[in-house]
């Protein structure tokens with residue numbers, strides 16, 4: 001993952017490229033938090049060049065959003081790539097973030113990514129003394145090499161009753177299937193994701209999140225577009241029945257775009 005940071009007055013613009021994964025999360029978190037603490041009003045995170053983000057990366061984004069809110073800073077996602085947008089939608093996180101794209105995003109980037117606004121993150125100073133050890137003091141090898149003392153089971157432990165296994169409800173099973181589907185989507189394994197959502201819908205044919213996410217997956221391949229239309233029509237039908245305006249608007253938007261392609 002690469003970060004390119006621009007700072008102008010009370011605005012910060014960060015270009016992120018590559019893969020936002022566990023090993024890179026701390027660097028992204030430190031970069032944004034250090035800037036939020038400096039009284040910035042808006043932080044823009046550009047995701048046009050991010051082709052993958054894992055669950056750890058999503059967790060960092062949510063944490064940054066909470067930190068920004070506490071500091072009365074507005075955190076805005078700019079020009080998310082299609083893969084990133086799909087992951088946000090499937091994870092149901094698209095509704096908690098402010099997102100801008102298109103012409104508005106292009107104008108914003110042009111005004112904030114000037115060479116004179118380039119910002120360098122101060123490097124962290126490495127501590128010269130380890131925690132709990134005075135400077136010049138040698139650490140006794142026994143502190144690290146002492147094995148944990150094993151405990152002999154007591155009669156009470158040996159006679160403890162065996163707890164019977166708990167049985168999963170249909171909703172628990174559906175939740176697990178949908179979580180596995182999300183992981184497949186993040187890995188680009190769309191056929192496997194489809195199978196997981198179809199299994200969930202066999203248990204509850206009117207489970208709206210599975211229909212919504214399955215429609216998104218079907219949009220990944222042109223040969224699946226007719227299935228995507230069927231799914232979005234099902235989403236629209238269920239949403240209208242429940243008065244869910246957010247899903248109604250989303251289904252209509254996707255249907256309009258798909259019908260231009262078919």
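When residue 96 is tested against the conditions (1) in contact (Cβ under 8 Å) with a residue 40 or more places away in the chain; (2) in contact with a helix residue (DSSP H, G or I) (Cβ under 7 Å, 6 or more places away or on another chain); (3) loosely packed, with under 15 Cβ neighbours inside 10 Å, the lone failure is (1).
Screening the stretch 1-90 for strands (runs of 3 or more DSSP E) wholly inside it with 1 or more residues that are surrounded by fewer than 20 Cβ atoms within 10 Å (Cβ to Cβ) and either outside the structural domain of residue 110 (by TED's automatic domain parsing) or out of contact with any strand residue (DSSP E or B) (no Cβ under 6 Å at 6 or more places or on another chain) (or both) returns the ranges 2-8, 42-53. On the given criteria, is residue 101 in contact (Cβ under 8 Å) with a residue 40 or more places away in the chain and either crowded, with 17+ Cβ neighbours inside 10 Å or not assigned by TED's automatic domain parsing to the domain that holds residue 254 (or both)? So residue 101 fails the test. Of the helices (runs of 4 or more DSSP H) that lie entirely inside the stretch 172-262, not one contains 1 or more residues that are at positive phi, under 24 Å from the mean Cα position of the chain (by Cα) and assigned by TED's automatic domain parsing to the domain that holds residue 55.
The values are calculated or read from the model by the stated rules, or taken from the named source; none is laboratory data. Given the structure is predicted, the values throughout are model-derived calculations rather than measurements. Ideal geometry is used to build each Cβ from the backbone, glycine not excepted, and the neighbour counts take in all protein chains shown.
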